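Peer 1: Handing you this structure, nothing more for now.
The values are calculated or read from the model by the stated rules, or taken from the named source; none is laboratory data. Everything numeric here is computed off the predicted structure, so don't read it as measured data. Glycine also receives a Cβ, built like all others from the backbone with ideal geometry; neighbour counts cover every protein chain displayed. All accessible areas refer to the heavy atoms of the entire protein, side chains included, with ligands and DNA or RNA removed. Shrake-Rupley method; radii C 1.70, N 1.55, O 1.52, S 1.80 Å.
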Amino acid sequence: MKHHPAWLAAGLLIFVVLACSLGKKTANNSNSNSNSNSNASTEADGGSGAAIKEIHMAKDDGGSPGAATDSFAPGDRTIHCVTTLKEAKSGTQMKFAWWIVDADGSQNQKIKEIDYKTRALENVVHGHLTLPQDWPAGKYKVEVYVNGDLDKTAFYSVR
């Protein structure tokens with residue numbers, strides 16, 4: 001029996017697509033479970049979580065996000081909030097709303113909002129905030145909105 005190369009190529013292509021699809025579903029399930037456990041201390045229950053797969057706070061490493069943490073020193077002038085989107089879509093509207101939860105006599109006070117629009121294939125987005133002086137000790141949060149909807153909130157403290 002003679003095998004036709006076109007049928008062989010089509011069968012191989014279908015096999016690869018199915019294998020990739022099954023592997024992607026397994027990876028997403030295991031990642032979402034481990035992310036929800038590892039970020040339990042930094043994520044709020046508020047927000048839909050529909051667009052963001054993972055969120056964490058990070059120290060500054062020369063203008064880029066460095067080590068993940070939810071505790072900063074007052075002299076850590078630049079603080080990053082790093083998000084990983086579930087899908088990389090060009091034109092996704094992101095907003096990082098930085099808040100004082102309770103610090104230096106202030107409570108529930110908005111510090112600043114930062115807007116950003118994603119580019120093609122961009123699924124890791126970070127917003128950062130730099131203060132010209134040391135951060136006051138206390139508790140803070142960053143609310144991350146995706147296309148106008150609150151998706152996730154990350155909490156951090158300055159000690």
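Peer 1: Could you please let me know if K59 is open to solvent by 30 Å² or more (accessible area, probe 1.4 Å), assigned to a strand (DSSP E or B) and either farther than 24 Å from N147 by Cβ or at pLDDT below 95 (or both)?
Peer 2: Values: open to solvent by 30 Å² or more (accessible area, probe 1.4 Å): yes; assigned to a strand (DSSP E or B): yes; either farther than 24 Å from N147 by Cβ or at pLDDT below 95 (or both): yes.
Yes, satisfied.
Peer 1: Given the residues I111, I79, I52, I100, which is the only one that is at pLDDT 95 or above, more than 18 Å from S157 (Cβ to Cβ) and either in contact with a strand residue (DSSP E or B) (Cβ under 8 Å, 6 or more places away or on another chain) or among the aromatic types (F, W, Y) (or both)?
Peer 2: Of I111, I79, I52, I100, the one residue that is at pLDDT 95 or above, more than 18 Å from S157 (Cβ to Cβ) and either in contact with a strand residue (DSSP E or B) (Cβ under 8 Å, 6 or more places away or on another chain) or among the aromatic types (F, W, Y) (or both) is I52.
Peer 1: Sort out which residues of region 108-134 are at positive phi and in a loop (DSSP other than H, G, I, E, B), and write them in order of number.
Peer 2: Within region 108-134, L121 is the sole residue that qualifies.
Peer 1: Further, regarding this structure: I'm trying to understand the selection: among the residues of region 74-96, which are assigned to a strand (DSSP E or B) and of a type in the set (S, T, N, Q)? Give the derivation first.
Peer 2: First pass over region 74-96, keeping only residues assigned to a strand (DSSP E or B): 78-85, 93-96.
Across region 74-96, the qualifying residues are T78, T83, T84, Q93.
Peer 1: Another question, then. Give me the residue from region 135-148 that is assigned to a strand (DSSP E or B) and out of contact with any Ser or Thr (no Cβ under 6 Å at 6 or more places or on another chain) and, out of that set, farthest from P74 (Cα to Cα). Full working, then the answer.
Peer 2: Filtering region 135-148 for residues assigned to a strand (DSSP E or B) gives 138-146.
From what's left, out of contact with any Ser or Thr (no Cβ under 6 Å at 6 or more places or on another chain): 138, 140, 142, 145-146.
Working: G138: 10, Y140: 12, V142: 17, Y145: 26, V146: 29 Å.
Filtering region 135-148 for residues that are assigned to a strand (DSSP E or B) and out of contact with any Ser or Thr (no Cβ under 6 Å at 6 or more places or on another chain), the one farthest from P74 (Cα to Cα) comes out as V146.
Peer 1: What are the pairs, 6+ residues apart or on separate chains, where a residue within region 73-89 that is surrounded by fewer than 16 Cβ atoms within 10 Å (Cβ to Cβ) has its Cβ under 6 Å from a residue that is part of a loop (DSSP other than H, G, I, E, B) and among the basic types (K, R)?
Peer 2: Between residues of region 73-89 that are surrounded by fewer than 16 Cβ atoms within 10 Å (Cβ to Cβ) and residues that are part of a loop (DSSP other than H, G, I, E, B) and among the basic types (K, R), there is no close pair.
Peer 1: Determine whether S106 is small (G, A, S), surrounded by 15 or more Cβ atoms within 10 Å (Cβ to Cβ) and either in contact with a Lys or Arg (Cβ under 8 Å, 6 or more places away or on another chain) or farther than 16 Å from E54 by Cβ (or both).
Peer 2: Values: small (G, A, S): yes; surrounded by 15 or more Cβ atoms within 10 Å (Cβ to Cβ): no; either in contact with a Lys or Arg (Cβ under 8 Å, 6 or more places away or on another chain) or farther than 16 Å from E54 by Cβ (or both): yes.
It is false that S106 is small (G, A, S), surrounded by 15 or more Cβ atoms within 10 Å (Cβ to Cβ) and either in contact with a Lys or Arg (Cβ under 8 Å, 6 or more places away or on another chain) or farther than 16 Å from E54 by Cβ (or both).
Peer 1: Right, next: Of all residues in region 126-153, count the ones that are among the polar types (S, T, N, Q) and crowded, with 16+ Cβ neighbours inside 10 Å. Full working, then the answer.
Peer 2: The first filter runs over region 126-153 and keeps only residues among the polar types (S, T, N, Q), leaving 130, 133, 147, 153.
The next check asks that each one be crowded, with 16+ Cβ neighbours inside 10 Å; those that pass are 153.
The number of residues fulfilling the criteria is 1.
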